[in-house]
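One structure below.
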Amino acid sequence: MSVAVLPYTVKPHPVTGVYSGKLGTWLFLASEVMLFGALFSAYVLLRVGAPASGPAAWPSHDATELSWKIGGFNTLVLIISSVTMVMAWASLKLNNLSKARMYLGLTVGLALVFIMVKLLLEYIPKFQAHHTPSHSNFFGLYFTLTGLHALHILGGVFVITYFIFPGSSLWKKDPEYYTNRIECTGLYWHFVDLVWIFLFPVLYLL
Amino acid sequence: MSGGHHDHHHDHAHHPELSFWRKYLFSVDHKTIGIQYALTALVFLFLGFCLMMMMRWQLAYPGKVMPVIGNLFGEGNMPGGVMLPEFYNALGAMHGTIMVFLGVVPMLVGGFGNYVMPLQIGAPDMSFPKINMASYWAFFVGGVVMLISFFVPGGAANSGWTSYAPLSVLATRGQTFWLLGMVFLITSSLLGSVNFIVTIIQLRAKGLDFFRLPFFVWAQFVTAFLLLLAFPPLEGAAVLQLMDRLAGTSFFMPEGLVVSGVPQAYAGGGSPLLWQHLFWFLAHPEVYVLILPAMGIVAEVIANNTRKPLWGYRPMVYSLIFLGFMSFIVWAHHMFMTGMGTKISAFFATTTMIISIPSVIILTALVISLYRGCIRFNVPMLFALAFLPMFAIGGLTGLPLGLPASDIHLHDTYYVIGHFHYVVAPGTIFAIFAGIYHWYPKVTGRTLNSALGKIHFFLSFVFINVVFMPMFFQGMAGVSRRLYDQTMYAHGDAVQSLTRMSSWGAWMLGLSQLPFILNFFMSLAAGRKVNQNPWEATTLEWAAPSPPPHGNFATVPVVYRGPYEYSVPGTQKDFFPQHLATEA
């Protein structure tokens with residue numbers, strides 16, 4: 001035991017009403033808002049500042065060759081994965097670990113569907129068409145923003161998989177602690193979902 | 001308090017002995033991590049200082065062979081012992097980077113914040129001890145990446161600590177290392193700042209409401225918010241610049257860029273100004289990250305050594321919060337010369353004038369706190385007292401830079417260097433020394449030698465002014481801050497004697513640190529042993545043993561009063577600690 005026993009790691013603080021992990025997760029998400037906020041600002045500035053004509057002009061909507069159908073499908077996949085994430089947490093609240101693990105597994109599965117669609121139907125064909133990041137600022141931003149988002153998805157997949165398998169042993173020791181961790185993971189997951197909800201219209205529709 | 005205290009039944013005697021690795025290297029104890037941060041930061045501060053002392057040779061004696069060490073840096077950097085311009089640029093960029101990101105911030109926040117803040121709020125540790133450890137190691141890796149960059153082809157980053165595009169995008173490979181290093185450092189400060197905020201909100205001792213917090217804790221609290229919210233945009237910017245450098249995007253590259261007659265292979269359409277906006281959106285709040293914890297240390301030391309409560313504690317706290325907020329909307333005053341337009345310049349000039357008000361309130365409150373105090377002129381107090389006029393010079397010389405009309409003349413000259421160094425060198429660094437002399441007895445159980453400390457103080461105080469005061473005159477004479485050899489220009493050659501004076505001041509300042517280094521190590525073994533509260537202070541860290549054991553306090557402290565109850569009328573002693581219900 002090398003960690004001093006700290007209050008409010010599991011139980012909520014009587015004044016603030018949250019346990020420390022949840023507060024920490026919200027603060028982490030605040031910094032993530034600033035990260036993606038800066039990148040969205042860069043998008044606005046570069047798009048507004050792009051020359052009206054010439055090779056560096058902003059591409060017309062058709063020239064971007066992004067399919068709203070593929071993007072829309074992926075949006076749906078992520079929204080459903082957010083629902084399964086909530087169901088996992090709700091199942092833990094109802095004391096049902098096996099059901100929770102099933103929902104967590106579904107969340108991971110949906111995340112992988114998202115990644116595969118992105119990779120096989122979007123990234124690889126784009127590279128084959130020489131629409132690489134260096135092609136133009138639009139594709140540069142497209143790959144940077146969606147790539148960073150995909151890294152967030154993979155991070156989430158890693159964490160959720162940990163909680164399905166080795167991490168779930170915590171349930172036996174301290175079910176409330178485990179449930180809290182799933183709740184915090186869920187907050188993160190919904191945030192990642194939300195980032196996509198902004199990315200989809202900005203890149204595919206505008 | 002029903003929620004917390006049933007968790008709190010552990011017994012310190014039952015902790016098994018930890019292995020060497022877990023105890024000293026991969027420790028999760030905030031005190032060990034604080035010491036790790038502080039020692040690493042002191043090494044980096046020394047290194048950053050050495051880089052600068054080398055630059056000062058080239059500035060004072062341009063093109064002359066550097067004596068003694070000139071031949072150690074290889075033919076690629078200093079052929080025949082004479083510094084090449086590229087190497088000079090790398091030293092300049094890395095001096096700034098190391099001092100800001102690897103020296104001062106880790107010292108103030110990682111070192112003092114980690115060690116002192118949980119003690120001052122009566123907590124057993126930080127909220128997330130493992131994340132705390134991860135924060136230190138991310139910082140460490142970031143530092144190592146920065147150091148490795150000196151040895152890659154082309155040397156370390158050489159586009160200034162601001163890394164302005166397109167220069168930085170076209171720069172040698174060291175810049176990529178710089179960006180990767182920054183990603184680690186930003187991750188470290190993110191982990192740290194979440195931890196600080198949660199700890200201060202959740203783990204304050206019973207009775208320690210927000211307006212009973214020591215000013216130092218308030219300073220750390222506001223600083224943590226700045227780190228949390230200002231650093232991510234730089235991370236975003238670093239990702240964009242990495243893409244520009246590695247994937248060939250042109251986020252910061254304008255159309256039709258030609259360098260030395262060679263057209264650059266970029267699609268174009270990017271904006272060099274975008275980098276500046278994203279960079280300064282971080283780097284201006286960063287300035288307050290450098291100064292707010294320093295103000296916190298000075299406030300602690302002044303209250304303790306005047307034996308009086310701080311004058312205007314509440315206005316100081318409100319000013320601190322206002323400073324934190326305003327620091328997010330002044331960034332473009334670094335960019336008056338970029339042609340953003342008069343309306344934007346007017347906005348940022350206005351916010352810049354407004355942000356000087358809370359700084360002045362805090363400084364004035366600290367000065368008034370001295371009035372009719374029974375001042376003890378011990379070493380920490382000497383440094384804290386020197387902080388006041390030094391920071392004032394730094395702050396007031398900033399006003400002409402905040403106004404576009406006068407900034408046109410002074411922008412990017414040595415005047416700017418003089419201005420911000422007065423804030424961070426005799427300002428923040430003196431506060432760091434005040435903190436080291438003040439809390440050394442808490443960390444080690446022994447005091448630093450006072451005679452050596454006073455020699456250290458007076459020599460440093462004289463020579464640091466010899467270094468920086470001439471820069472204002474050089475700057476007003478129009479000498480540009482990034483010149484490798486100012487004697488190439490008539491207006492620079494005319495003030496070369498000032499440059500030489502500055503350089504000699506810097507080397508003497510370096511020698512003045514020897515008493516400190518000697519003192520620091522000697523006192524570990526030979527310093528006078530002291531009790532747990534040698535300064536007769538009131539705040540909670542002095543209620544713990546020195547050094548505090550794992551878990552910090554023998555009994556969970558309860559707080560009964562404000563942080564600076566000195567010389568309370570009707571009491572026997574002149575200090576009334578926060579954790580005592582009645583006078584002992």
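Just so it is clear, none of the values below were taken in a lab; they were calculated from the coordinates. Just so it is clear, the model here is predicted, and its values are computed rather than measured. As a convention, Cβ positions derive from the backbone with ideal geometry for all residues, glycine included, and neighbour counts pool all protein chains shown.
Listed values, structure above:
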quantity: Members of A:Lys22/B:Lys529; A:Lys99/B:Lys31; A:Lys22/B:Lys31; A:Lys173/B:Lys31; B:Lys130/B:Lys454; A:Lys11/B:Lys308 lying beyond 32 Å, as alpha-carbon distances in this model show; calculated: A:Lys22/B:Lys529; A:Lys99/B:Lys31; B:Lys130/B:Lys454; A:Lys11/B:Lys308
quantity: Å³ per residue enclosed by the Cα convex hull of the range B:152-272; calculated: 122 Å³
quantity: Sorted largest first, extent of the range B:398-557 alpha carbons per principal axis (Å); calculated: 67, 33, 23
quantity: Cα-based Rg / Dmax (Å) for the range B:23-130; calculated: 19.0, 58
quantity: Computed Rg/Rh of the range A:70-190, alpha carbon atoms with Kirkwood Rh; calculated: 1.09
quantity: Whole-number D in µm² s⁻¹ for the range B:433-490, Kirkwood Cα-pair radius fed into Stokes-Einstein, 20 °C, 1.002 mPa s; calculated: 147 µm²/s
quantity: The range A:1-42 versus the range B:470-492: alpha-carbon centroid distance in Å; calculated: 48 Å
quantity: Taking the convex hull of Cα positions in the range B:266-330, its mean projected area over all directions (nm²); calculated: 5.5 nm²
quantity: Folded to 0 to 90 degrees: helix B:496-512 orientation relative to chain B principal axis, Cα; calculated: 30 degrees
quantity: Translational D in µm²/s for the range B:279-429 (Stokes-Einstein at 37 °C, 0.692 mPa s, Kirkwood Rh from C-alpha pairs); calculated: 204 µm²/s
quantity: For the range B:236-359, fraction of C-alpha pairs farther apart than 26 Å, in %; calculated: 44 percent
quantity: Total charge dipole magnitude, the protein assembly as shown, about the Cα centre, Cβ charges on Lys, Arg, Asp, Glu only, Debye to nearest 20; calculated: 1220 debye
quantity: Cα gyration tensor shape of the range B:518-584, rounded if a/c is under 1.5, else prolate or oblate by comparing a/b with b/c; calculated: oblate
quantity: Other-chain or far-sequence residues with amide H under 5 Å of B:Lys206's (modelled H); calculated: B:Val559
quantity: Chain B, relative contact order in percent, only Cα pairs under 8 angstrom and at least six apart counted; calculated: 14 percent
quantity: C-alpha long axis of helix B:514-526 to longest principal axis of chain B, angle in °; calculated: 30 degrees
quantity: Förster-model FRET efficiency, 25 Å R0, B:Thr162 and B:Ile357, C-beta, rounded to 0.05; calculated: 0.40
quantity: At q = 0.11, 0.13 Å⁻¹, base-10 log of I(q)/I(0) for the range A:28-129 (Debye sum, equal scatterers on each alpha carbon); calculated: -0.56, -0.73
quantity: Computed over the range B:158-204, Kirkwood Rh from alpha-carbon pairs, angstrom; calculated: 12.6 Å
quantity: Relative contact order (%) - the range A:52-161, alpha-carbon pairs under 8 angstrom, separation at least six; calculated: 28 percent
quantity: Rough spin-label spacing in nm, given labels placed 7 Å along Cα→Cβ, for B:Cys50 and A:Lys173; calculated: 4.4 nm
quantity: Globularity index of the range B:366-449, i.e. its alpha-carbon radius of gyration over 2.2 N^0.38 Å; calculated: 1.40
quantity: Placed amide H near B:Phe575: partners under 5 Å, 5+ positions off or other chain; calculated: B:Ser567
quantity: Rough spin-label spacing in nm, given labels placed 7 Å along Cα→Cβ, for B:Ile517 and A:Ala90; calculated: 6.5 nm
quantity: More than 27 Å apart - percent of Cα-Cα pairs taken over chain A; calculated: 41 percent
quantity: Simple Cβ-charge dipole of chain B, Lys/Arg +1 and Asp/Glu -1, about Cα centre, in debye nearest 20; calculated: 980 debye
quantity: Difference of contour (0.36 nm per residue) and Cα-Cα distance, A:Leu154 to A:Glu65; calculated: 29.5 nm
quantity: Helix-only [θ]222 nm of chain B, DSSP H runs n ≥ 4, -39500 (n - 2.57) each, per residue, nearest 500; calculated: -19000 deg cm²/dmol
quantity: Cα gyration tensor shape for chain B, rounded if a/c is under 1.5, else prolate or oblate; calculated: prolate
quantity: Derived scalar couplings ³J(HN,Hα) [the range B:180-193; Karplus, 6.51 cos²θ - 1.76 cosθ + 1.60; whole Hz; x for Gly, Pro]; calculated: 5, x, 4, 4, 5, 5, 5, 4, 4, 6, 5, 4, x, 5
quantity: Separation of alpha-carbon centers, the range B:311-346 and the range B:525-584, rounded to whole Å; calculated: 37 Å
quantity: In sequence order, calculated HN-Hα J values of the range B:254-263 (Karplus, 6.51, -1.76, 1.60; Hz; x Gly/Pro); calculated: x, 6, x, 6, 10, 10, 6, x, 10, x
quantity: Cα-centre dipole for the range B:267-426 with unit charges at Cβ (Lys and Arg positive, Asp and Glu negative), debye to 20; calculated: 600 debye
quantity: Gap separating the Cα centres of the range A:136-206 and the range B:395-443, nearest whole Å; calculated: 41 Å
quantity: The range B:207-218 - phi-based ³J(HN,Hα) in whole Hz, Karplus 6.51/-1.76/1.60, Gly and Pro as x; calculated: x, 8, 7, 4, 8, 10, 6, x, 4, 4, 5, 4
quantity: Full-extension gain in nm, B:Ala405 to B:Leu246, via 0.36 nm per residue minus C-alpha separation; calculated: 53.3 nm
quantity: Cα gyration tensor of the protein assembly as shown - equivalent ellipsoid semi-axes, whole Å, descending; calculated: 42, 39, 23
quantity: Other-chain or far-sequence residues with amide H under 5 Å of B:Thr413's (modelled H); calculated: B:Arg481
quantity: Positive-end residue, the range B:12-116 charge dipole about Cα centroid, Cβ charges, pick of B:Phe87, B:Val100, B:Val116; calculated: B:Val116
